[in-house]
Amino acid sequence: MTLVALAELGRGVVPPDTPVLHADDEGVLRGRSVFETLRVYGGMPFMLGAHLDRLAGSAARLRLAEPPRDAFERAAFDAIAAGGELDAALRLLWTAGREGGGSPTGLVLVSSIPPDLEEQRARGLRVAVVQWAAGALAAAKSTSYAENMAAQADAAARGADDALLVAPDGTVLEAPTSNVWFREGACLLTPSLALPVLPGVTRAALYRLAPQAGYEVEEGAFPLERLLRADEVFLSSSVREVAPVVAVGEQTVGDGAPGPAAAALQRALRVAAGYADTA
């Protein structure tokens, strides 16, 4: 993604190459910062309120000051307008501030959508299984993402598009930046939020949309062996939306092609965003 617009809370829209973080900001030094990433459809940020709710929840878990909701919302719309892109990725960032008691920093970034997402959706993803021991902040969206990125790098080194994170006991958890779903007939299964997984905003949207698409949803703790026998597997996230998975490790999922539930939910998600013409 390419940064096209930047806004700093209390300062407004600034050129994208403007220095905005101090070297001693604890978000840089210690990862004490939280963020949200969401899609902008037709100039409108999708489910911004839910993302602001989760930003506040993540900040509370990291013992950060409460993010100023109204200021973030205003800055988001200002940055979107400045970026001039109707379809984009929007990122909200809230840091602890400078070491020793400085004020927090709030940033809003508008970036272009990765150009290969539709190609990936058409062919389906290949994911590699990565064993995962989740930390205490697993359900918070903090910038302490080094382990997640290492898992993706591990998967890429094995020729995969992404990683499937699995607990030491074989329980399916999530992907580094996505929630995981699989289908058995007309039932969609997804790991419970009682597990150490991020409560995805897009996951919540699909949960509500699934009955309209003809599917029921079951949450739980599911072993990898069950997912490997599924009729269909897919991932969900705000920027990637619904991404079919056609192979897990060396094993083909279903018939090896993107499945019907992923396609139906992708269409439903775009309709919910008022953007059905591009599904």
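From the C-alpha coordinates alone, can you work out the Kirkwood hydrodynamic radius of region 59-128, in Å?
14.7
For the chain, modelled as a Gaussian network with Cα springs under 10 Å, which listed residue fluctuates most, 49, 84, 100?
Among 49, 84, 100, the largest mean-square fluctuation in the Gaussian network model of the chain belongs to 100.
Charges on Cβ only, +1 for Lys and Arg, -1 for Asp and Glu, centred on the Cα centroid of the chain; of 12, 122, 176, which one is farthest towards the dipole's positive end?
Comparing the listed Cα positions along the dipole, 12 ranks first.
For residue 44, what accessible surface area do you get with a 1.4 Å probe? Give it in Å², rounded to 10.
110
So for 177, 95, what's the accessible-area order with a 1.4 Å probe, most first?
177, 95
Would you mind classifying region 160-265 by shape? Square roots of the alpha carbon gyration tensor eigenvalues, ordered a ≥ b ≥ c; an a/c under 1.5 is rounded, otherwise it is prolate if a/b is larger than b/c and oblate if not.
Judged from the Cα gyration tensor, region 160-265 comes out rounded (a/c under 1.5).
First compute the accessible area of region 173-279 with a 1.4 Å probe, then give the percent of it belonging to carbon and sulfur atoms.
Roughly 51 percent, rounded to a whole number.
PRE reach from residue 118 (point 7 Å along Cα→Cβ): which of region 76-109 fall under 13 Å by backbone N?
Within reach of a label on residue 118, which here means backbone N under 13 Å from a point 7 Å along Cα→Cβ, region 76-109 contributes 87.
Counting only C-alpha contacts under 8 Å and six or more residues apart, can you give the relative contact order of the chain as a whole percent?
Reported as a whole number, the value is 18 percent.
Counting Lys +1, Arg +1, Asp -1, Glu -1, what net charge surrounds residue 184 among other residues with beta carbon under 12 Å of its beta carbon?
Local net charge: -1.
Per residue, how much accessible area does the chain have with a 1.4 Å probe, in Å²?
On a per-residue basis, the chain sits at 43 Å².
On full extension of the chain, what length is gained from residue 216 through residue 257, given 0.36 nm per residue of separation minus the C-alpha to C-alpha distance?
Answer, rounded to one decimal: 12.6 nm.
Can you tell me which of 51-62, 153-164 comes out highest on packing, and rank the rest after it, using the mean Cβ neighbours within 10 Å?
With the highest mean Cβ count within 10 Å placed first, the list reads 51-62, 153-164.
Over the Cα atoms of the chain, what radius of gyration and what Dmax do you get, in Å?
Expressed in Å, the Cα Rg and Dmax of the chain come to 18.7, 57.
When the Karplus curve 6.51 cos²θ - 1.76 cosθ + 1.60 is applied with θ = phi - 60°, which whole-Hz ³J(HN,Hα) does each residue of region 228-241 get, with x for Gly and Pro?
With the stated coefficients, region 228-241 comes to 5, 8, 5, 6, 6, 9, 8, 10, 9, 7, 5, 7, 6, 6 Hz.
The values are calculated or read from the model by the stated rules, or taken from the named source; none is laboratory data. These numbers come from a predicted model, not from an experiment. Backbone-built Cβ (ideal geometry, glycine too); neighbour counts: all protein chains shown. Only protein heavy atoms, including side chains, enter the accessible area calculation; ligands, DNA and RNA are left aside. Shrake-Rupley method; radii C 1.70, N 1.55, O 1.52, S 1.80 Å.
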